[in-house]
Structure formats: C-alpha cells, structure tokens
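Okay, structure first, notes after.
Here, each number is a calculation from the coordinates, and none is a lab measurement. Since the model is a prediction, treat every value here as computed from it, not as a measurement. Using ideal geometry, Cβ is built from the backbone for each residue, glycine included, and neighbour counts are taken over all protein chains shown.
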Amino acid sequence: MRRHTPLYELHLSQGARIVDFGGWDMPVQYASQIAEHHAVRRAAGVFDVSHMCIIDLTGARTREFLKYLFANDVGKLTQAGKALYGCMLNEAGGVIDDLIVYFLTESCFRVVVNAGTRDKDLAWIRRHAQDFAVHVREREDLGMLAVQGPQARNRVAALLAADDAQAALAIAPFFGREVADWFIARTGYTGEDGFEIYIAPDQAERIWYEILDAGAEFGIKPCGLGARNTLRLESKMALYGHEIHASITPYEADLAWIVKLDKGDFTGRAALARQKAQGVTRKLVGFEMTGRGIGRDGYEVYLDGAPAGWVSSGGPSPTLSKNIGLCYLPSDRAKPGQPIQIMIRNQPVEAITVPTPFYKRAK
C-alpha cells in the first residue's frame, strides 16, 4: 500500500494527476506542467514535499558520526542553522543517497534524504549510528512545503507577523532557522530562490492555501513533481536513480566538489582516492537535441556509430524551448561540443554536448 502526505486529499480535490513516486501517491501536475514550470521561473510555485524523509540525529558524537558517514566536510558547519549538501557512499564509492544536513546544535543535526531511498537510508544510518551512540529519530511529525521562485520569500513572509517576517527574510542561502512555529530553510530543488518550510502536518492544508492566496495576484501556482523535474534538470541538479546511484561515484557524476578527501576517513574514501589517482572512465555531461526528437531517460547514446553511454535524464526545457538532457559518456569525450546520437525508437537522432547548467538564475 502506497503512502500519503497530509495533503493527499487536497491534491485530489484540486484535480491533480496522482502517480506512484518512491512508494508515495504524489501529484505529478494539476492543470499544466508547463504553466507550473513557468510560474516558478517567473513568480513562484508551491510544492508538497512532505514525502521527503526528515531525520534528527542527536548525541555527543553526532558530528564525529557525520564526518564518517558523509563525503562532504561537516566541519564546515560552525554556525547554527548552516546546511551542507553532500552524499553517503558505500565502500566502493557509489552513492547511497544525496542529502542535506543542517547543524542545529553541537549535539543535534538534521538530515533530509530522498523519499524513494528512505528505508535503505534509515537502515544504513542506524547501522552506523550505533558505533557512535547517536540517536536516530525519523520526524514523521513534520511535513514540508517548498515555495520556490522570485516571489517565493516575500509571499511566505507576508503570512508572518512583522518580526517573524523580518527574521524569515534575513535567512541566508543554505541556512535554516526556527521562525514562529516553523523551521524555514532557504534551500530548494528548482534552481530558484525560495524556502522549504517544515511544519506540523495538521497545519499543512491551511498554510498551502494561505501561500496561494498571498501570491494569487503574482501568478503563484500549486506545482507537481513534473515541473519539479524539469526545473531541476534545467539547473543540472542530480536525481537519485538517474544521475547518481550505488554504482556511480561522485567523481563520475561531476560532483567532485562535495567530496573532501582531506577531512579524514569516511565510508568510500579509499575507493574515491584510487579513482581520483587513476582518473574516471565515464562522466556526466549535458546535451541538446539538434535533430527532431527527445532524448528520454535510459536511451542509449552513440559516438561514431557505436554505443558509448546512456541518457540519465532528458526532456523538453520549457524555459529554453529546447530538448535537453544529461548523459554518461567516456570521460575523454565528455566535453562540450561533442556530436552524439541518441537512439530514439531504434533510430539515431543527432545531438551535441553542451555546458551545464542549462539554466542559471540571475543573482
């Protein structure tokens, strides 16, 4: 039986198309996926992301534990509320999951992992937490809404009392803090500015409608997973099971910036050190279709008439009005300007590799 967020009945009442996503019944779109995508780029959109798994880790050795668990360096987390993006690795250096960790206090950190990897992530974390006497608590008492886009922060602030609104607007990128009854983080998965709001499940429906009402004149829309996917693809944000998984390392996924070999030992470090010394044999690269067609996830990629890789994510870009994607190629050919062919219905269709991200918002 699939799981439901606190807003499931609301999604049904709003006519959302529901799909199975990692064992959850989630809205993929409401009316128009393209309109939802444009709303986030131009004004704001609100997403139900309560399917994400929120975990609080507590204990005197929590920082030590996260240093061992996490390939990025949690030693950087010295200010309360500071967040860090990174990944957990297996012994071979493959990605178990990518996640965000928040420093709340020296004995309490918050970790947010993907819905589809929830069970294995919790099992992995609990297995290793025992060695550090760290308590693992899944926060099923929290839901999450993501409000993303140029108008997102102002519309959320409009719901708060003056002092709380000022506090919310003062949150720096990749920080989170308690404001009123919420934990608000200036993070997201769309390439736009905005907030992710952690709330009690019984508040979710009221706040959902209040956000939409506060932004109605600006064109704020409810958004589903379809728009979330096209937004993150344009911004070259990795999706677990596509750009990253247990047999792909961060170096191959163009995520070397979240690996800190010099911070001390961590799971997968030895394998990554060997790979860094030897060099990777495959690498992630972006592409645009130059022929007629869409390079979908899983399609085979050819170089010089021979199979050479695969599409990890692909589809239309509403912002750029192009068909784009990410693919894995041999590392010596994974550079911009490389002609490739995507096999679409057993026919090779021309494409070319390009720099990424495809879209970057103006600061």
Checklist entry - If you stretched the chain out fully between R3 and K276, how much longer would it get, using 0.36 nm times the residue separation minus the C-alpha to C-alpha distance? => result 94.2 nm
Checklist outcome for this item: Looking only at aspartates and glutamates whose Cα falls under 16 Å of K276's and that sit 8 or more positions away or on another chain, we get E91, E252, D254, D262, D265, D332
Checklist entry - Once you list every other residue whose beta carbon is under 13 Å from the beta carbon of A227, what net charge do they have if Lys and Arg are +1 and Asp and Glu are -1? => result +2
Item to check | Projected label distance in nm at A162 and A80, using a 7 Å step from Cα toward the beta-carbon | outcome: 2.5 nm
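May I ask you to compute the full-extension gain from S32 to A216, defined as 0.36 nm times their residue separation minus their alpha-carbon distance, rounded to one decimal in nm?
Answer, rounded to one decimal: 64.6 nm.
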Checklist entry - Quick one: which of K236/K263; K236/K363; K120/K236; K82/K260 span more than 20 angstrom between C-alpha atoms? => result K236/K263; K120/K236
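Listed highest first by mean packing, meaning other Cβ atoms within 10 Å per residue, what order do 29-36, 156-163 come in?
Numbers: 29-36: 17.6, 156-163: 15.5.
Averaged packing, sorted descending, gives the order 29-36, 156-163.
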Checklist entry - Which of R41, R282, R137 moves most in a GNM of the chain, Cα contacts under 10 Å? => result R137
Item to check | Burial ordering of K120, K260, fewest other beta-carbon atoms within 10 Å first | outcome: K120, K260
Next on the checklist: Please give the Cα centre distance for the range 349-363 versus the range 204-263, rounded to the nearest Å.
Outcome noted: 17 Å
Item to check | Order of V95, V136 under a 10 Å beta carbon neighbour criterion, fewest first | outcome: V136, V95
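Tell me, in nm to one decimal, what length is gained between N346 and D332 on full extension, where the rule is 0.36 nm per residue of separation less the Cα-Cα distance?
Fully extending the segment from N346 to D332 adds 2.5 nm.
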Item to check | Debye, to nearest 20: dipole size of the range 281-354, +1 on Lys, Arg Cβ, -1 on Asp, Glu Cβ | outcome: 100 debye
